[in-house]
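Asker: Sending over a structure as C-alpha cells; questions will come in a sec.
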Amino acid sequence: MMKETIKSALTLLTQNQGDGWFCVIEEPKEEKFVQFAWDESEGLWVDLPSVALNEEEKARAVMMFSDYNISLEARCLHSGDDEEHSCDCDDECDDDCDCCSHDDEPIETFNGSLGKDVDKACEIAYRVLTEVYKLSDKTKLSVTISS
C-alpha cells in the first residue's frame, strides 16, 4: 500500500519536471516525512532534515543513507531578493548572495541527487518511512506536490 502511494507521488513529480517542484510524503499524525525536489538539470533530489528526526531515527538514517552514499551535511537556507536557495556551508556563494555570513543557522540534512531514477527515489522514501521512522507498510500517507 505504502509503495504504491510513494510511486504515484514521485511519478507525478517527475512528470511535471519544472524547476522548483517538490513533493512531501508524510505520515500526518506524527508528522514523519521525507521530501523530494525536481531540478531541471539534475533531476530528483531527496531531502530529509535532521530536525525531523529523534536521536534513534537519526542514527538509523545515517546507516540507511550510507547505502546511497548520502551523508548528513550542514546546509544554509537563505532568502534573497529573488528566491530562497540553499548552499553547502563550506562553499563560497556568488557576489550577489550574503548567505555565507551565516546570519541564519545552518541545518543538518540528508540531501542527495538521484538523477532521473524514480525507482531509487521510491526505494529511499520507503526505507525512510519503514526503517528510519519504523512505520507500518499499511500506514496512510499524506502527499503534497507543489511548485
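The values are calculated or read from the model by the stated rules, or taken from the named source; none is laboratory data. Quick caveat: nothing in here was measured; it's all calculated off a predicted structure. Glycine also receives a Cβ, built like all others from the backbone with ideal geometry; neighbour counts cover every protein chain displayed.
Asker: How do the pairs read when you match residues in region 44-72 that are over 14 Å from Lys134 (Cβ atoms) with residues anywhere that are at pLDDT 95 or above and assigned to a loop (DSSP other than H, G, I, E, B), using Cβ under 6 Å and keeping only pairs 6 or more apart or on different chains?
Answerer: Here the result reads none, with nothing in region 44-72 linked to a residue that is at pLDDT 95 or above and assigned to a loop (DSSP other than H, G, I, E, B).
Asker: Identify all residues within region 46-71 that are at pLDDT below 95 and farther than 22 Å from Lys29 by Cα; write none if there are none.
Answerer: Passing the criteria: only Ser71.
Asker: Criterion first (in a loop (DSSP other than H, G, I, E, B), out of contact with any Cys (no Cβ under 9 Å at 6 or more places or on another chain), under 22 Å from Ala37 (Cα atoms) and at pLDDT below 95) does Asp81 satisfy it?
Answerer: Working: in a loop (DSSP other than H, G, I, E, B): yes; out of contact with any Cys (no Cβ under 9 Å at 6 or more places or on another chain): yes; under 22 Å from Ala37 (Cα atoms): yes; at pLDDT below 95: yes.
Yes, satisfied.
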